[in-house]
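Here's the structure, in structure tokens; my notes come after.
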Amino acid sequence: MSEARRDLQAAVTVAVISLPQSMAYALVAGVDPRFGLYTAIVFTAVASILGSSSHLINGPTGAVSLVTFSALSFIDPEARLDAYEAMFLLSAMIGVIQIAISLLRFGDLTRYISESVITGFMSGAAILTIVGQIASALGLRSQGTGHQHVFHRLWLTLTQGGAISGKALAISAGSVVLSVIARKLVRRYKLPQLDTFLVLLAVCVCAYLLGWSRPGATGKAAVALIEEVPASLPRPHIPEIEWTWLGKLSSGAFAIALLGLLETLAIAKAIAHKTRETLDLNRQCLAEGVGNLTGAFFRCQPGAGSLSRSAINYQAGAATKLSGVYTAGFVAVMVLLLAPLTHYIPKAALAGLLVVAAARLIDVERLRYVVRASRYDAALLALTWLSALVIGVEFAILIGVGFSLVLFVPRAAKLKRAELVVTDERVVRERTRSDPRCTAVSIHDLEGELFFGAAPELERHLDHALRLARSQGTRCLVMRLKRLRNPDAVCLELLERFLRGTSTEGVAVFLAGVRPDLLSGMQRLRFGDWFPMERCFMEADDDEDSATLKAVRKAYDLLGPANTCEHCAALALSERPVGAAAYYLV
């Protein structure tokens, strides 16, 4: 089968799924269903053309739609046109932020955000999505405003939203049951994944035949229906800019931009792992940004990579990025042909589908794995999850990222120190209690990251080595530094202070295994003007301990036979010449 045929076949399948999903996610965002469809056309096409992944399908998603609803909560619910314009402006702001992330080459930094944060956020967002659909599923009138907490709005809806509609409940429950059964049949018999569309079609037909979605004597249907989608394609539109909106939308825009990229890149990398495709993460970030920015000028809601549609695209055999373009084209054709029929779709039907889709985002096995893995991951997951439920989804991921940094920095700042010995076989290893202590030369090993956060640890270890030398009358200190990485100004200053202090007290320090980055820092700060650089030994590639042994032999040579202890004499290291491979700093 040719690549074009595979792409077309996959696109038809994905487009059929995109139609109900896009309308449903627009309802999650609190806007007209047509804007979800417009996003599935414009954003999907633009991001597919510019993106790096051959299988990623973009468009409206549940998590992004939920944060969009929260970001627009400051708009008066009655001022629907203002809400739409604010959403278009929000899309533009998100696009600008994502483009900036790409141009600054920050796309690779997203891999430093813990997966536990994403797992906690997605679980929290899924629960909030389910809660948000309870009103439509029960046929109640939604109460409260976007300023109020979601659970407070739920309470107002349950207590003040009127009587529960048995017909709406039957439709939503039927959608849930049929979705679960249909998905099991699809997996068992490996059928095309058209279950979402077929379930919606079946529920709508049943509701119509029962007369629930047809106007009655009062001119209204027995159940609430979605607004009719116009049979037209998205047209260019310049978003209205209210300067007061910019500040109110900024936090939501940043959260959605970050969340959208994390969601998109995670999906793209997961599929690329199976296909062995090489991804350019910064290019994908650019595609997401241009997609959102372009969508803002075609009445689109914010979007990102879709897990379900991308997985279906891959499983249906898509071969190139054109599958996403074809998907957008098929959605456009379906909008033109089927738009008049959307007026017969009950809100309860879409609510049931959204409940199922949100429940599938809660990966119970993954949650168990993360919780069991470590307390660090469990704490991140729990905090992000609770933040989404209690504080709000637009802040949850930012809180999770901030908390992960708070927990990570102290762990990264840990420096390990060990006292070493040289055995009779000239092997460098960690000293045990049974090893005789050499009073002439003391060897210490340091390991960790040399950034400002580790400065207190570094100072403590260096002070300990100096105090030990004083108490034992040690004349020479060998500091193995080959496992110290990425030194910054603070740590270099501490090293300088240590070397100057030992020199004042008459203790000779030898630096073994000096890495190139540490050497460069010492040279730029002119250590050689006051420190004997022949006491520095570069990290050796041929032998892990060679630089340390050379430093120890140099120390014994400096002391001379008269100033060595019995242990030093037994080693007789001074009789072993320093080979030509020794690298002294100059």
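The values are calculated or read from the model by the stated rules, or taken from the named source; none is laboratory data. Because the structure is a prediction, the values reported are computed rather than measured. Glycine also receives a Cβ, built like all others from the backbone with ideal geometry; neighbour counts cover every protein chain displayed. Protein only, heavy atoms only, side chains kept; ligands, DNA and RNA dropped before computing areas. Shrake-Rupley method; radii C 1.70, N 1.55, O 1.52, S 1.80 Å.
Scanning for something more than 25 Å from residue 73 (Cβ to Cβ), open to solvent by 40 Å² or more (accessible area, probe 1.4 Å) and touching a residue at least 60 places away in the same chain (Cβ under 8 Å), does segment 114-122 turn up at least one residue?
Within segment 114-122, one or more residues are more than 25 Å from residue 73 (Cβ to Cβ), open to solvent by 40 Å² or more (accessible area, probe 1.4 Å) and touching a residue at least 60 places away in the same chain (Cβ under 8 Å).
Looking at segment 359-462, what strands (runs of 3 or more DSSP E) fall wholly within it and have at least 1 residues that are in contact with a Lys or Arg (Cβ under 6 Å, 6 or more places away or on another chain) and either more than 30 Å from residue 549 (Cβ to Cβ) or open to solvent by less than 50 Å² (accessible area, probe 1.4 Å) (or both)?
Hits in segment 359-462: 416-422, 441-449.
Out of all the residues in segment 123-168, which are modelled with pLDDT of 90 or more, touching a Phe, Trp or Tyr at 6+ places or on another chain (Cβ under 9 Å) and surrounded by fewer than 24 Cβ atoms within 10 Å (Cβ to Cβ)?
Scanning segment 123-168 gives 127, 131, 167.
Among (1) of a type outside the set (S, T, N, Q); (2) surrounded by fewer than 19 Cβ atoms within 10 Å (Cβ to Cβ); (3) not in a helix (DSSP H, G or I), there is one condition residue 248 misses while meeting the rest; what is its number?
If we test residue 248 against (1) of a type outside the set (S, T, N, Q); (2) surrounded by fewer than 19 Cβ atoms within 10 Å (Cβ to Cβ); (3) not in a helix (DSSP H, G or I), just (3) comes out false.
Condition check ((1) within 22 Å of residue 547 (Cβ to Cβ); (2) at pLDDT 95 or above; (3) assigned to a strand (DSSP E or B)) across all residues:
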site: 482; (1), (2), (3): yes, no, yes
site: 506; (1), (2), (3): no, no, no
site: 509; (1), (2), (3): yes, yes, yes
site: 513; (1), (2), (3): yes, no, yes
site: 523; (1), (2), (3): yes, no, no
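Which residue out of 492, 462, 450 is in contact with a Pro (Cβ under 6 Å, 6 or more places away or on another chain) and within 30 Å of residue 407 (Cβ to Cβ)?
Working: 492 fails: in contact with a Pro (Cβ under 6 Å, 6 or more places away or on another chain); 462 fails: in contact with a Pro (Cβ under 6 Å, 6 or more places away or on another chain).
Just one listed residue meets the conditions, 450.
Can residue 260 be described as out of contact with any Asp or Glu (no Cβ under 8 Å at 6 or more places or on another chain), closer than 17 Å to residue 104 by Cβ, part of a helix (DSSP H, G or I) and modelled with pLDDT of 85 or more?
no
What number of residues within segment 485-504 are open to solvent by 10 Å² or more (accessible area, probe 1.4 Å) and part of a helix (DSSP H, G or I)?
13
Tally the residues that are among the aromatic types (Phe, Trp, Tyr) and in contact (Cβ under 8 Å) with a residue 40 or more places away in the chain, restricting the search to segment 416-463.
1
Does residue 48 satisfy the criteria of being of a type in the set (Ser, Thr, Tyr) and modelled with pLDDT of 95 or more?
In short, yes.
Looking at segment 546-574, I want the residues that are open to solvent by 20 Å² or more (accessible area, probe 1.4 Å) and modelled with pLDDT of 65 or more and have a partner that is among the charged types (D, E, K, R) and assigned to a helix (DSSP H, G or I) with Cβ atoms under 7 Å, at least 6 apart or on another chain. Which pairs are those?
Going by the 7 Å Cβ cut-off, the qualifying pairs are 554/535.
Just the residues that are among the acidic types (Asp, Glu) and closer than 12 Å to residue 490 by Cα, please, taken from segment 458-474.
Selection gives 459 alone.
Select from segment 299-321 the residues that are surrounded by fewer than 20 Cβ atoms within 10 Å (Cβ to Cβ) and either among the polar types (S, T, N, Q) or at pLDDT 95 or above (or both) and list them in ascending order.
Hits for segment 299-321 are 315, 320.
Of these, 73, 116, which one is out of contact with any helix residue (DSSP H, G or I) (no Cβ under 8 Å at 6 or more places or on another chain) and within 22 Å of residue 390 (Cα to Cα)? Break it down into steps so the answer makes sense when it comes.
Values: 116 fails: out of contact with any helix residue (DSSP H, G or I) (no Cβ under 8 Å at 6 or more places or on another chain).
The conditions single out 73.
Here's the yes/no breakdown for (1) open to solvent by 10 Å² or more (accessible area, probe 1.4 Å); (2) under 20 Å from the mean Cα position of the chain (by Cα); (3) small (Gly, Ala, Ser):
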site	(1), (2), (3)
18	no, no, yes
40	no, no, yes
45	yes, no, yes
57	no, yes, no
88	no, no, no
101	yes, yes, no
105	yes, yes, no
112	yes, yes, no
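For segment 1-44, name all the residues that are acidic (Asp, Glu) and assigned to a helix (DSSP H, G or I).
Within segment 1-44, 3, 7 meet the criteria.
Return the residues of segment 180-221 that are in contact with an Asp or Glu (Cβ under 8 Å, 6 or more places away or on another chain) and surrounded by 14 or more Cβ atoms within 10 Å (Cβ to Cβ); say none if nothing qualifies.
Scanning segment 180-221 gives 182, 183, 186.
Any chance segment 75-86 includes a residue that's farther than 30 Å from residue 12 by Cβ, open to solvent by less than 10 Å² (accessible area, probe 1.4 Å) and over 25 Å from the mean Cα position of the chain (by Cα)?
Kept after step one, since they are farther than 30 Å from residue 12 by Cβ, are these residues of segment 75-86: 75-86.
Restricting the remaining residues to those that are open to solvent by less than 10 Å² (accessible area, probe 1.4 Å) gives 86.
Now narrow it down to the ones that are over 25 Å from the mean Cα position of the chain (by Cα): 86.
Yes - at least one qualifying residue is present in segment 75-86.
Need the failing condition index for residue 27 against (1) hydrophobic (A, V, I, L, M, F, W, C); (2) over 16 Å from residue 267 (Cβ atoms); (3) open to solvent by less than 20 Å² (accessible area, probe 1.4 Å), just the number.
Exception for residue 27: condition (3).
Which of the residues that make up segment 198-216 are of a type outside the set (A, V, I, L, M) and more than 12 Å from residue 349 (Cβ to Cβ)?
Across segment 198-216, the qualifying residues are 211, 214, 215, 216.
Please indicate, with yes or no, whether at least one residue in segment 488-502 is under 17 Å from residue 414 (Cα atoms) and touching a residue at least 60 places away in the same chain (Cβ under 8 Å).
For segment 488-502, residues under 17 Å from residue 414 (Cα atoms) and touching a residue at least 60 places away in the same chain (Cβ under 8 Å): absent.
Among the residues of segment 45-61, which ones are part of a helix (DSSP H, G or I) and either over 19 Å from residue 296 (Cα atoms) or touching a Leu at 6+ places or on another chain (Cβ under 8 Å) (or both)?
47, 48, 50, listed by residue number.
Return the pair list, or none, for Cβ contacts closer than 7 Å from residues in segment 326-344 that are open to solvent by less than 60 Å² (accessible area, probe 1.4 Å) to residues that are part of a helix (DSSP H, G or I) and hydroxyl-bearing (Ser, Thr, Tyr), at least 6 apart or on different chains.
327/18; 327/44; 328/44; 331/18
Pairs under 8 Å by beta carbon, first residue over 16 Å from residue 331 (Cα atoms) and open to solvent by 30 Å² or more (accessible area, probe 1.4 Å) in segment 228-239, partner in a loop (DSSP other than H, G, I, E, B) and of a type in the set (A, V, I, L, M, F, W, C), six or more apart or different chains?
Listed by first residue and then by second, the contacts come to 236/297; 236/298; 237/297; 237/298; 238/297.
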